[in-house]
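Right, one structure below, let's go through it.
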Amino acid sequence: MKKFQQLNYQRPDFKLFEANFNHALNEFEYASSAGEQTLAFKMINEIRSHFETMMNIVSVKHSINIADKFFEVEQEFFDEHEPAYRGLVHKFYEALICAKYRDSLQEIYGKQLFTIAELTIKTFHESILEYLQKENQLCTDYQKIIASAKIKYNGKVMNLSELNAIKLSTDRNIRREVSYLVDGYYEKHQDEFNNIYDQLVKTRHTIALKLGYKNFVQLGYARMLRSDYDSKMVANYRDKIFSEIVPIVNDLKIEQQKRLGLCDFYSYDEAMDFADGNPKPLGNAAWIVEQAKTMFKELNKEVGDFFEFMTKYELLDLETKPNKAGGGYCTFFSELKAPFIFSNFNGTSHDIDVLTHESGHAFQGYSSRYWNIEEYYFPTYEACEIHSMSMEFLCWPWMKLFFGEDANRYQNAHMQHSISFLPYGVSVDEFQEWVYENPNASITERNNQWRLIEKKYLPYRKYDNNAYLENGGFWHRQSHIFKTPFYYIDYTLAQVCAFQFWKRSNANRVDAMKDYIRLCKAGGSKSFLELVALANLKSPFEKGTVEEITAEINDWLQQNKIRNKVTAEV
Ligand code: ZN
């Protein structure tokens with residue numbers, strides 16, 4: 001295999017691709033034996049694997065440098081052709097569910113592939129193609145506004161990720177000033193965000209109606225390939241987070257305010273864990289990667305081998321730089337059987353969160369590489385996030401490698417961030433459910449609704465006289481709301497599972513690792529709740545699950561009170 005930089009990219013000839021695909025599909029449909037049908041099935045997967053690998057290479061290269069004209073044009077090519085590609089896959093799914101030798105295929109690949117096919121069929125029809133293209137275009141428009149942010153601070157032009165790092169300054173005036181700059185950027189573009197989203201909501205609603213749904217909610221669930229839970233179960237789960245977790249987080253914020261010695265506590269103080277500064281990794285990206293090699297090797301042999309592979313083939317692009325898209329993600333090049341990690345390291349402890357998180361995703365992709373079908377390299381998102389969020393906790397005993405004597409402070413902060421995330425995560429979900437149930441709401445009504453939900457789940461949040469945020473503009477920066485509707489709750493469901501791995505690894509690390517690796521190897525071959533059971537975890541929807549982890553976390557927080565390093569508590 002070649003290193004990432006040396007990979008050959010060639011734009012697929014779509015007409016030729018389509019002809020090859022249809023030929024293989026024909027063989028599949030008219031196969032005269034189970035063996036023949038399985039062979040045609042494999043051929044279809046090979047053809048898809050090449051196309052998807054080229055598409056992913058473009059997506060990665062484009063996000064590494066959005067100013068690169070060559071890959072900008074290639075990205076446009078895939079934006080334009082992806083819906084047609086999905087149309088072909090749709091035809092394949094239709095053939096799959098009525099395959100003559102379905103039983104033998106099911107024997108090899110299990111039933112999840114057929115569940116995916118059935119759900120996907122319900123989300124597509126040729127009549128919605130132009131609306132899907134519009135949806136893609138609107139999401140790209142959103143990403144461009146975020147990635148092209150160039151904000152001057154102290155004479156230096158910075159992107160949003162670089163500025164967010166300065167927001168962690170111990171000097172409150174700097175935090176306030178930089179937050180105003182960041183918030184100001186979103187405020188300046190608020191009309192564009194509101195308009196893009198308004199068009200997205202209306203486009204998605206139209207798609208839902210055309211496909212025979214009442215509104216986008218159920219379609220959104222089908223798109224997320226949720227086969228074993230519905231929006232009612234999610235609503236009950238959100239109520240659990242409200243009753244069990246919101247009071248704990250509220251208390252933690254009061255403690256945090258005391259620890260920071262502040263008379264008032266504003267949104268720009270929330271990310272600040274200690275008056276004397278949050279723990280920082282003790283070296284740069286290259287140094288972090290070296291520590292990570294040691295950590296993963298000691299954690300588990302399979303995980304160690306995986307990380308060696310990632311570094312050997314340079315499948316990581318970690319540091320933030322001009323014209324790089326925001327955020328972090330992991331993807332998988334199926335033809336190469338290799339994952340790829342993208343992030344924006346900025347020198348804060350967040351770098352370690354992202355590294356361990358994305359390594360969890362990448363390790364799972366790597367562990368599932370021999371499934372040889374596109375549908376099984378990753379499971380549905382809520383299951384995916386179990387691998388990543390659990391890896392963050394499984395790496396805890398090695399935090400001294402990155403933070404030295406601040407390791408325990410990092411763990412404390414990480415725990416507080418993880419639990420505080422739950423109410424925010426369900427807010428994003430409740431907002432979206434409301435939005436798609438009320439597709440004709442005005443932009444102002446939508447923003448008011450966000451602020452209402454924010455006040456319910458984040459009662460401590462105060463915006464220091466910022467009218468834009470007081471009027472409900474914060475959600476503009478949550479890219480999932482634009483790009484992947486209903487995704488966000490998945491992080492919280494997975495967090496509840498990750499807490500269980502944390503609890504179990506504290507009691508018996510070897511057993512917890514066995515279950516974790518079994519989960520990773522299963523890839524996407526099972527549904528969410530089946531995977532949860534396979535890993536010997538309890539369902540987040542089950543009565544008592546949230547309560548059980550809450551009790552454990554509360555105990556741990558009581559025993560590990562976090563303090564400022566040098567400054568006495570006020
Ligand atoms: Zn993730």
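Read the figures in this text as sums done on the coordinates, not as results from a lab. Predicted model only: the values in this text are computed from it and were never measured. Cβ: placed from backbone, ideal geometry, glycine included. Neighbour counts: every protein chain shown.
Spacing of the modelled spin labels on R509 and I151, each 7 Å from Cα toward Cβ, amounts to 4.0 nm.
Give the separation of the Cα centroids, segment 220-273 to segment 372-399, in Å. What the calculation gives is 21 Å, centre to centre. For M158, nonlocal amide neighbours, meaning residues 5 or more places apart or on other chains whose placed amide H falls under 5 Å from its own, are I151, K152, Y153. Computing Rg and the Kirkwood Rh from the Cα coordinates of segment 59-153 gives a ratio, Rg/Rh, of 1.15.
Compared with the dominant principal axis of the Cα atoms in the chain, helix 509-522 is inclined by about 40°. With Cα atoms defining each centre, segment 1-79 and segment 153-206 are spaced 36 Å apart in the structure.
For R518 and H417 in one chain, what is 0.36 nm times their gap in residues minus the Cα-Cα distance, to one decimal in nm?
Working: separation 101, 0.36 × 101 = 36.36 nm, distance 2.75 nm.
Between R518 and H417, full extension yields 33.6 nm more.
Against the chain, whose longest principal axis comes from its Cα atoms, helix 489-507 is set at around 70 degrees. Rounded to the nearest 0.05, what FRET efficiency do D171 and E335 give with R0 = 51 Å and r taken as the Cβ-Cβ distance? Could you check? It comes out at approximately 0.55. Which net charge results when you count Lys and Arg as +1 and Asp and Glu as -1 among the other residues whose beta-carbon is under 12 Å from that of C520? Its environment carries a net charge of +2.
Between C263 and T311, the FRET efficiency from the beta-carbon distance, with R0 = 51 Å, is close to 0.60. What the phi angles of segment 178-193 give under the Karplus curve with 6.51, -1.76 and 1.60, with θ = phi - 60°, is a coupling list of 5, 4, 4, 5, 5, 4, x, 5, 5, 5, 4, 9, 4, 5, 5, 4 Hz, glycine and proline written as x. Convex hull volume of the C-alpha atoms in segment 410-558, normalised per residue: 147 Å³. At full extension, R477 and L129 could sit 122.5 nm farther apart than now, given 0.36 nm per residue minus the alpha carbon distance. Neighbours of E36, meaning other residues whose beta-carbon lies under 12 angstrom from its beta-carbon, give a summed charge of 0 when Lys and Arg score +1 and Asp and Glu score -1.
The reciprocal of the average 1/r between distinct C-alpha atoms defines the Kirkwood hydrodynamic radius, which for segment 505-546 equals 11.0 Å. Placing pseudo-labels 7 Å out from each Cα toward the beta carbon at K321 and K188 gives an inter-label distance of 2.5 nm. A cut-off of 5 Å between modelled amide H atoms, ignoring neighbours fewer than 5 places along the same chain, links A338 with F333. In the chain, the DSSP-assigned H stretches of four residues or longer account for a calculated mean residue ellipticity at 222 nm of -21000 deg cm²/dmol, using -39500 (n - 2.57) per stretch and the full residue count as denominator.
If you take the beta carbon distance between E437 and E72 as r and set R0 to 41 Å, what does 1/(1 + (r/R0)^6) give as a FRET efficiency, to the nearest 0.05?
Working: r = 37 Å, r/R0 = 0.89.
In this case the efficiency is close to 0.65.
Once the Cα atoms of helix 381-394 and of the chain are each reduced to a long axis, what angle between those two axes, in degrees from 0 to 90 to the nearest 10, is obtained? So the helix axis and the longest Cα principal axis differ by about 50 degrees. Amide H to amide H, with H built 1.01 Å from N, F345 comes under 5 Å of E319, T320, counting only residues 5 or more places away or on other chains.
Of all DSSP bridge pairs formed entirely within the chain, close to 75 percent run antiparallel. Just the Cα atoms of the chain, one point each, no solvent: what log10 I(q)/I(0) does Debye give at q = 0.08 Å⁻¹? Taking Cα atoms of the chain as identical point scatterers yields -0.54. Here segment 122-175 has an Rg and Dmax of 18.8, 56 Å, counting Cα atoms alone.
Coupling constants for segment 245-256 follow from the phi torsions by the Karplus curve (6.51 cos²θ - 1.76 cosθ + 1.60, θ = phi - 60°), and in residue order they are 9, 4, x, 5, 5, 4, 4, 4, 5, 5, 4, 4 Hz; glycine and proline get x.
Near D353, once Lys and Arg are set to +1 and Asp and Glu to -1 for all other residues with Cβ below 15 Å from its Cβ, the sum equals -4.
Here the Karplus curve 6.51 cos²θ - 1.76 cosθ + 1.60, taken at θ = phi - 60°, turns the phi angles of segment 348-355 into couplings of 9, 5, 4, 4, 6, 4, 5, 4 Hz, with x standing for Gly and Pro. The mean of 1/r over all distinct Cα pairs in segment 142-198, once inverted, gives the Kirkwood hydrodynamic radius of 12.0 Å.
The Kirkwood radius of segment 290-383, taken over pairs of alpha-carbon atoms, gives through the Stokes-Einstein law at 25 °C and 0.890 mPa s a diffusion coefficient of 178 µm² s⁻¹. Per residue, the convex hull spanned by the Cα atoms of segment 175-224 measures out at 89 cubic angstrom.
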